[in-house]
Amino acid sequence: MQPRFIIYLFAVNALMNGIGFVPRILLTGRHDGAYAALLGAFLLNLFIILFIFWLLRRFPQKDLSSILAETIPPLLRVPLMIYFVLQWLIAGSLSVIMVAEISAKYLNVGASGLTILYLFIILVLAAARLRSDRVLFALELSFIMTLPLLFLIVIATFTTQGILWKSIVILLGEGGLPDWEQLSAASYVYIGYINILLFNKVIQSTFRLWKLIIGILVIFILYLFLFSLPIALLGTEAVAHYHYPWVITADSLRIEHAPIERAFYPALIGYLNIALLNTIVHWHVTLEFLKSLRPASGQTRSTQTTGAKEKSGQSTDAKQKPAQGGGMPLLPKKENLWQNLMMRLEFWVLAAYGLTLLPFVYNRLPIDLFYELNRWWLRFLLPNELLALLLLVWSAWRTSGSAQQKQKRSRPKRRTRTA
Amino acid sequence: MQKRQIVLPSAFIRSNFMPLLLAFFLSLITAGCAYKDIDKRAFVMSIGVDPAPEKESEAEDDRRDQDVYEVTLKVAIPTSDIKSGENLFVLFSATGKTIAEAIQKVMPMIEGNLDFSHTKIIFFSKSLAEDVKLRDLIDWFIRMETIQDIALVALAEPTAKDVLSLSPPTERLPANSLFTALDGSGTTAPTIAHSPLIDVYRRLYEPGLDPSLPIVQTVGKKNYKITRAALFDKERLKLILDPEETEWFNFLAGSTSNVTLGDVPKGYFFHVDPNRASSRFTLRQTPQGKLTIVWHLVLNGSIDERQGKPVSDKEKISAEVRRLAEQKTRDLTEKLLQHRLDPLGFGFEYRTRKPHKKDFAAFQKMYPQLQVSVETRTVIYETGNLIR
């Protein structure tokens, strides 16, 4: 698949900022260096992203788990992958909970958040079990259709009175140095690329790296705007009073000569949609990484693990083209229920988690707890990025040894010189 | 073993169509939870808050238990076609110690579910704004998710209930007349300022920027006028400007440029053109260390009317206009400084230069002693159809 799909991976995180706690975390620290955090996160992530994409070029059509399978012993690989799976699972869970919470609060006022959460989780599960390439196609389509709604906000800023851009001058003047939490929260905007660790198996990495730099710069500038608008509109002090500053910002914008005077509803639907896409992508990665943990070799992971007789049905997956990723129909042909269950064990585990534990937790715990959880999860964001980077460096180093052996004949002189 | 296998029945169920069907049936659940039909909702167009009428009671305990607020809701009665003068509505009132409690008491009075998503104006009666902190009054409104953050806030005189019960003959939809007047989409009267809920809340907490609200007065049983502005500090109503001051205040605040200057004895009426007038201020540090507010006014306008024995020289008229504008600006600014009110954002401007809290505290201390100077540019660029 073409490299343009990387754009959507980036966008899914960069544009979902309105839903979730990242603006709140950043705005809490507005007096001490939130802008410095934005700049710092930009530079840091620019470096990490370029490095990771540069490294991934050595592993065309491979995802993280198959890269690690070659270079790291299973004893180390399995815990590492489980750790990554958990990170992705939490990321997806947090955003789907935010979507349910915000739509219950602002969009369908009075509706039970639990019902909405169930509906969204079913949607997400149905989409996440698709093949990787189809997930990307769906992502592109949905994203392009949502984009006009998001730009409504930008248009509305020109027609709304009472935006005090000078508030930003005040905050910039205060200066200050960011702490780790703010740096991590500001990094969240760029972190969407990390899904490439899975989608690398379907996306070709034939593009120039300077395009990435431009893309990241665009995200940086966009986020400067998205971060500054609540401050300019809600005030330097009152902006920290809100749970979801961005939702309130969207609510305060007014387009006088439009079919709907409030820019709020279309914009909110747009942002919720992006957040749902975010969950789909994250849970798809979770699912695929879980699948890769099966001891069965290669792609014929399906029925062997059940220990039962060989059936003809398992070949649906085995016949896949390599550049399409996993995914399978929910109810396959000619299977009995047990085999069916075991074949899709990972999916059913995720479904069981999503349909029982997550709603239970959401129903019982106050939303502030998810705020704390989000803060903690964000603190691990940069270390996780660096961990992935280190693993890739290690794998590249290990495989480059074997690559050099292949090329041994072409340049024997250099080796003797170093020796 | 073979017998226990559960074989799924038909190709239809096995196909990928199943999840779609499942999702469809699940979406039917939503109809039961919160979606109410539109005819089972009561759309609240406007809310008014008054002080509760005092009970005649001697006992201490009774007095402590007394309700504080009387909340009035203006509920629209939907009509099939929109006609002038058919603005049907009902008013519901209840008292409570909090605004939320009073609204809870209104709920059993009407068959539909109260829906605040169309609430566009919020009135507080003037006497309430003098007694109760504005932060407390506004809390419920800003906290409710359903109330629009762009709803307009205004003070009502004599009471909010009186203003809500107005039904101007020109009105087509309930509460629409006042909304059109207050949000600036209709009349461009210079005495009307716009104060959305979100802006009032911001100003209540922003150092160096205080809230101001327009005052709606009833005129007879059917009409109203909006000619004055109420200025608040961070807590209560402090100052009410008279109509002339209000007009000039709105011009200085930048919310209108449709101002007029007249000096009747000399016989001209100077109308500033909305497209060519502007006002802004800067802060300037004098060599002696005194801080000066410097107003830069641009008043390009036209002569609308001349009466009696007019001054014929345009230069003289310009000079007169300049003198009047400067005097008005100086008087108003000094009045604000004296009352320690900052609705125009002098402190906010100061913070853009020195953002630290310590500096701002010092600024607040010297606030009443700030100097004012005015620089005005006036061009009379047209005199209507007549040459003179």
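So the values come out like this:
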| read-out | value |
| --- | --- |
| Reciprocal of mean inverse Cα separation for chain B (Kirkwood radius, Å) | 24.7 |
| For the range A:1-126: relative contact order, % (alpha-carbon pairs under 8 angstrom, 6 or more apart) | 19 |
| The range B:220-341 pair-distance distribution - Cα-Cα, 10 Å bins, rounded % | 11, 36, 32, 17, 4, 0 |
| Descending semi-axes in whole angstrom, ellipsoid equivalent of the range B:290-346, from the Cα gyration tensor | 30, 12, 10 |
| Ordering of A:49-62, A:360-373 by packing [mean C-beta count within 10 Å, highest first] | A:49-62, A:360-373 |
| Within 10 Å of each Cβ in A:154-164, the average number of Cβ atoms from other chains | 2 |
| Gaussian network model of chain B, Cα within-10 Å springs - most flexible of B:Gly301, B:Gly262, B:Gly208 | B:Gly262 |
| Residues B:Asp136 and A:Leu337, FRET efficiency given R0 of 51 Å [Cβ-Cβ distance, rounded to 0.05] | 0.25 |
| Projected label distance in nm at B:Asp37 and A:Leu75, using a 7 Å step from Cα toward the beta-carbon | 7.0 |
| Calculated FRET value between B:Leu21 and A:Val109, using beta carbons and R₀ = 25 Å, to 0.05 | 0.30 |
| Separation in nanometres of the label points that stand 7 Å from Cα toward Cβ, at B:Gln327 and A:Val169 | 3.3 |
| Shielding by partners, peptide B:347-356 (average Cβ within 10 angstrom, other chains) | 5 |
| Percent antiparallel among DSSP beta bridges (both partners in the range B:242-388, rounded to 5) | 60 |
| Placed amide H near B:Ile121: partners under 5 Å, 5+ positions off or other chain | B:Ile47, B:Leu152 |
| Sequence-separation-based contact order of chain A, relative, with Cα cut under 8 Å and 6+ spacing, percent | 34 |
| Coil-residue trypsin sites (Lys or Arg not before Pro) of the range A:188-295, DSSP, other Cβ within 10 Å capped at 14 | A:Arg208 |
| FRET efficiency for B:Asn275 and A:Ile367, using Cβ-Cβ distance with R0 set to 41 Å, rounded to 0.05 | 0.25 |
| Compactness relative to 2.2 N^0.38 Å, alpha carbon Rg of chain A | 1.05 |
| 222 nm mean residue ellipticity, helices alone, for chain A (DSSP H n ≥ 4; -39,500 (n - 2.57); rounded to 500) | -21000 deg cm²/dmol |
| Potential extension, A:Arg4-A:Arg57 segment - 0.36 nm per residue separation minus Cα distance | 17.5 nm |
| Directionally averaged projected area (convex hull, Cα atoms, the range A:11-52), nm² | 3.4 |
| Spin-label proximity, B:Ser185 to the range B:116-142 - amide N less than 17 Å from point 7 Å beyond Cα toward beta carbon | B:117-122 |
| Shielding by partners - mean other protein chain Cβ count within 10 Å, residues of B:192-198 | 3 |
| Listed peptides A:127-135, A:150-158, B:105-113 by packing density, highest first (mean Cβ within 10 Å) | A:127-135, A:150-158, B:105-113 |
| Residue-span extension gain [B:Glu382 to B:Glu54] - 0.36 nm each, minus C-alpha spacing | 112.3 nm |
| For chain A, built as a Gaussian network whose Cα springs stay under 10 Å, the top-fluctuating residue of A:Leu197, A:Leu391, A:Leu141 | A:Leu141 |
| Dipole of chain A [Lys/Arg +1, Asp/Glu -1 at C-beta], most positive-end residue of A:Ser103, A:Leu358, A:Gly176 | A:Leu358 |
| Contour minus Cα-Cα distance for B:Thr98 and B:Lys238 (0.36 nm per residue) | 48.1 nm |
| Share antiparallel - DSSP beta bridges, the protein assembly as shown, percent rounded to 5 | 65 |
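Each reported figure results from applying straightforward, stated rules to the coordinates on display, with no laboratory input. Just so it is clear, the model here is predicted, and its values are computed rather than measured. Positions of Cβ are generated from backbone atoms using ideal geometry, with glycine treated the same way; all protein chains shown enter the neighbour counts.
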